[in-house]
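Asker: Questions regarding the structure given below will be posed in turn.
The values are calculated or read from the model by the stated rules, or taken from the named source; none is laboratory data. The model shown is predicted, which means the values in this text are computed figures rather than measured ones. Using ideal geometry, Cβ is built from the backbone for each residue, glycine included, and neighbour counts are taken over all protein chains shown. Quick note on the areas: whole protein, heavy atoms, side chains included, nothing else; ligands and nucleic acids left out. Shrake-Rupley method; radii C 1.70, N 1.55, O 1.52, S 1.80 Å.
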Amino acid sequence: MTRAVVIGNGEIKNYGYIKSRIQSDDFIICADGGCNHARNMNIVPDILLGDFDSAEDFAEIENRIEYSARKDYTDGELAVAYAVEHGYDDILLLGMTGDRLDHTLTDILLLMKCKNGVLLDDNNEIYLLRGSLEINGKKGQTLSIIPINGDAAGLSSKGLEYPLYNETLYFGAGRGVSNVMTEDTCEITIKSGMALVIKVEKI
């Protein structure tokens, strides 16, 4: 199955860079105002959903699902749920960060609902580490490992300047911040717990 791309109403500054990460066969899901970003990239989404309080000029989008503004889920959460329910394992999240820290944190945690998810913005790629990850990048890029939902135990890595050997990163501590890739690819494994892996795109 192709990949699903969820475009939210967060901040996107470099449309050229963001559009370059979208593939021609991706299934595009816009969460409400995400359709404004899609229009700026000359992309017509496959489906638009949300309460439509921030979407503009979306009449050309035939496939739409409208929700009440009084709901228990964010538009981004509904978009990810749609992708998961329709069998998409690989999900790319775009336009999900910005100056609304409450939405940013909530949207980052949507990675927990994805089997293989990545959240991308102008400056970062964010993954959820459960089991193992192989990260492609560039030698010299900054990469941080941040435990969530408790301690991250049994961490090991290859291709990082400060390697981990079956070690524990403790929840709320900053030891895993600002590591550096020593190769164009690094591998990280974890035995228990979860962690966000954040690769900084601008060196």
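Asker: Does E161 satisfy being open to solvent by 20 Å² or more (accessible area, probe 1.4 Å), of a type in the set (D, E, K, R) and at pLDDT below 95?
Answerer: No, not satisfied.
Asker: Are any residues in region 69-88 open to solvent by less than 70 Å² (accessible area, probe 1.4 Å) and part of a loop (DSSP other than H, G, I, E, B), and if so, which ones?
Answerer: Scanning region 69-88 gives K71, T74, G87, Y88.
Asker: Given the criterion touching a residue at least 24 places away in the same chain (Cβ under 8 Å), assigned to a strand (DSSP E or B), within 20 Å of I198 (Cα to Cα) and not hydroxyl-bearing (S, T, Y), identify the matching residue among L93, L49.
Answerer: Selected residue: L93, the only one of L93, L49 that is touching a residue at least 24 places away in the same chain (Cβ under 8 Å), assigned to a strand (DSSP E or B), within 20 Å of I198 (Cα to Cα) and not hydroxyl-bearing (S, T, Y).
Asker: To continue, here is another question. Does S192 satisfy the condition of being more than 28 Å from L78 (Cα to Cα) and either touching a residue at least 40 places away in the same chain (Cβ under 8 Å) or open to solvent by 10 Å² or more (accessible area, probe 1.4 Å) (or both)?
Answerer: Taking the combined requirement at face value, the residue satisfies it.
Asker: Ok, one more. Among the listed residues I91, I61, I47, which satisfies the condition of being modelled with pLDDT under 95 and buried (at least 16 other Cβ atoms within 10 Å of the Cβ)?
Answerer: I61
Asker: Is it true that some residue in region 165-188 is assigned to a strand (DSSP E or B), open to solvent by 60 Å² or more (accessible area, probe 1.4 Å), in contact (Cβ under 8 Å) with a residue 40 or more places away in the chain and closer than 21 Å to V118 by Cβ?
Answerer: yes
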